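Notes to accompany the following structure.
Throughout, read-outs are computed from the coordinates displayed, never taken from laboratory work. Keep in mind it's a predicted model, so treat the numbers as computed, not measured. Note that we place each Cβ from the backbone using ideal geometry, even for glycine, and neighbour counts take in every protein chain shown.
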Amino acid sequence: MSKNFPTANSKELGYDQGQVDAVINQARVQFAEPSSNIIDAKKLRTAQFDLVAGGYIIAEVDAALDRLDDAFALREKQRLATSFTSVDAFDEVDKIRKLIKNRVRRPNRKKLARVGIFAKGYSVKQVDLFLAEIGLRLSGKSDLSIGELRNVTFKPKWGGYVENQVDALIDKTVEYLQLSAE
């Protein structure tokens, strides 16, 4: 059986091959039959895999998923444009933009939910600074890219922001940029 990606050596962690292959196979089927409803850009963007010794090299899988996400998002954008009137499509994209802007406009240290004081989450200061950059991007004053959104990392801090909320907001921003791209 051929492997979809290069593998780490037996002492290094990588993504579980079976889990990755299942998602890649779903994407292949979906791409071959666009009318099916197997997997979409959001599911690709949020796919998670167990780490196992000798698994697929993480960076290789992540890069491939980013490319698939872009391809699926383009198809979804085209479908949105053909299935809705241009006003409806604009309204859908504008709803996403408003959701992001409302979150970004909240006061610093209160933009997202926080973990308890005895738990670690993402650094509040770093996330707030990054969300300010997203706000600038939404108002056309920054050229923050989808790649920068996908690759941002935050230090873990006691009492920080809940990680999955930060990740979901970044994913929503990626979705917005993909759908609003010319």
>> Yes or no: region 155-174 includes at least one residue that is assigned to a loop (DSSP other than H, G, I, E, B) and in contact with a Ser or Thr (Cβ under 7 Å, 6 or more places away or on another chain).
In response: yes
>> I'd like to know if region 113-125 contains one or more residues that are under 17 Å from the mean Cα position of the chain (by Cα), assigned to a helix (DSSP H, G or I), within 28 Å of I58 (Cβ to Cβ) and in contact (Cβ under 8 Å) with a residue 12 or more places away in the chain.
In response: no
> If you take the residues in region 127-156 that are touching a strand residue (DSSP E or B) at 6+ places or on another chain (Cβ under 7 Å) and crowded, with 18+ Cβ neighbours inside 10 Å, which one is nearest to A64 (Cα to Cα)?
Replying inline: F154
> Among the residues of region 1-36, which ones are under 19 Å from the mean Cα position of the chain (by Cα), closer than 15 Å to A59 by Cβ and not β-branched (V, I, T)?
Replying inline: Y15
>> Suppose we keep only residues that are in a helix (DSSP H, G or I) and of a type outside the set (V, I, T) within region 23-34. Which one would you say is surrounded by the fewest Cβ atoms within 10 Å (Cβ to Cβ)?
In response: A32
